[in-house]
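Novice: Would you mind keeping the following structure in view while I ask a few things?
The values are calculated or read from the model by the stated rules, or taken from the named source; none is laboratory data. This one's a predicted model, so the numbers in the text were calculated from it and none came from an experiment. We work out accessible area using only protein heavy atoms, side chains counted, and drop any ligands, DNA or RNA first. Shrake-Rupley method; radii C 1.70, N 1.55, O 1.52, S 1.80 Å.
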Amino acid sequence: MATVTRPRRSVLYMPGSNTRALEKAKTLAADGLILDLEDATAPDAKEEARRHVVAAAGQYGKREVLIRVNGLNTPWGHDDIKAAAASEADGILLPKVESADAVRLCAHIMDEAGAPADMAIWCMMETPLGILHAEEIANASPRMGGFVMGTSDLAKDLHAEHTKMRLPFVTSLGLCALAARAYGLALLDGVYLDLQDDEGFKDSCVQGREFGFDGKTLIHPKTIGMANEAFAPSTEQVEWSRRIIDAHAEAVKEGKGVVVVDGKLIENLHVENAKRLVSLSEQIDELEAAAGA
């Protein structure tokens, strides 16, 4: 499943058992939502939350909606996947994925439940074993859509600390970025836990963008605006992209493979990225217009 470029600057976790929060999410400016049946839902609320999430999944307009199910080694995982497969969600997010077999089992359950062909599987990458198997997980199924970094669980397992530069996670982030891009998957950065540290959150977003992430997963609506700003192409980037697209098109008409714009050599690889940025900018405008309608 080739992942379509779409806005994923901010993807907010929403507790599946909280119906007021699920309703409130309709008014939020997040590009995507993760309706959570796992960590954010108590054991005695799992089945009720499943019903709420399945009913709500198709009510968020153009936003991308994922349902995070419980693991297949729990009493709820199998039924979560079956129910999510019949919902209007865009994808199913599997927690703590450590092997390609887990992805293939999820895909089998989805197929048996009649999931649409374009319903994706996303994987939480949050354990050392999962990170080490990132490549095989990325290529496990045609339904694979993306990786979500679970840096909180990863820190626990690595006995690592959350530092400003996130140096303890550089290897894990890099391996997942390589695997995701090698197989055309989307890539979301992990959450930032200190809600009082706006400056630290912004720095984390900038770093995530520099790593190549498409956006950031969030735990509170107050951070949506900052994430949207950090991961959106700037006006200057979009204007430059349009210029080099036009200049390269003219060069191709003249039989040239390269062109110089403002002293910079422009080749097809630059144009491909420019087209991605322009498309992303246009889709952000569409998403925001739809939300404000």
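Novice: Using a 1.4 angstrom probe with every protein chain in place, what is the largest-first accessible-area order of Trp240, Trp122?
Specialist: So the residues, ranked largest to smallest area, are Trp240, Trp122.
Novice: List the residues, sorted by chain then number, that are 5 or more residues from Leu12 or on another chain and whose placed amide H is less than 5 Å from its amide H.
Specialist: Gly32, Leu33, Ile34, Leu218
Novice: Still on this structure, please answer the following. Enter the accessible area of Phe213 (Å², nearest 10), with the probe set to 1.4 Å and all protein chains included.
Specialist: 10
Novice: Enumerate the calculated ³J(HN,Hα) couplings along segment 66-76 in order (Karplus 6.51 cos²θ - 1.76 cosθ + 1.60, θ = phi - 60°), each rounded to whole Hz, writing x wherever the residue is Gly or Pro.
Specialist: 10, 10, 7, 8, 7, x, 6, 8, 10, x, 10
Novice: Sticking with this structure for a sec: So what is the accessible area of the chain per residue, in Å², with the probe set to 1.4 Å? Can you show the working numbers first?
Specialist: Details: 14070 Å² over 293 residues.
Accessible area per residue: 48 Å².
Novice: In whole Hz, what ³J(HN,Hα) sequence does segment 102-116 give by Karplus (6.51, -1.76, 1.60; θ = phi - 60°), x for Gly and Pro?
Specialist: 5, 5, 5, 5, 4, 4, 5, 4, 4, 4, 4, 8, x, 4, x
Novice: In whole angstrom, how far apart do the alpha carbon centroids of segment 35-94 and segment 100-152 sit?
Specialist: First find each Cα centre; the distance between them is then 15 Å.
Novice: Of all the accessible heavy-atom surface of segment 88-239, with the other protein chains kept in place and a 1.4 Å probe, what percent is carbon and sulfur?
Specialist: On the way: 3620 of 6830 Å².
Of the solvent-accessible surface of segment 88-239, carbon and sulfur hold 53 percent.
Novice: Mind listing the long-range amide H neighbours of Met124? Cut-off is under 5 Å, sequence gap 5 or more, other chains count too, H placed in the peptide plane at 1.01 Å from N.
Specialist: Amide H neighbours of Met124: Leu94, Lys96, Val97, Val148.
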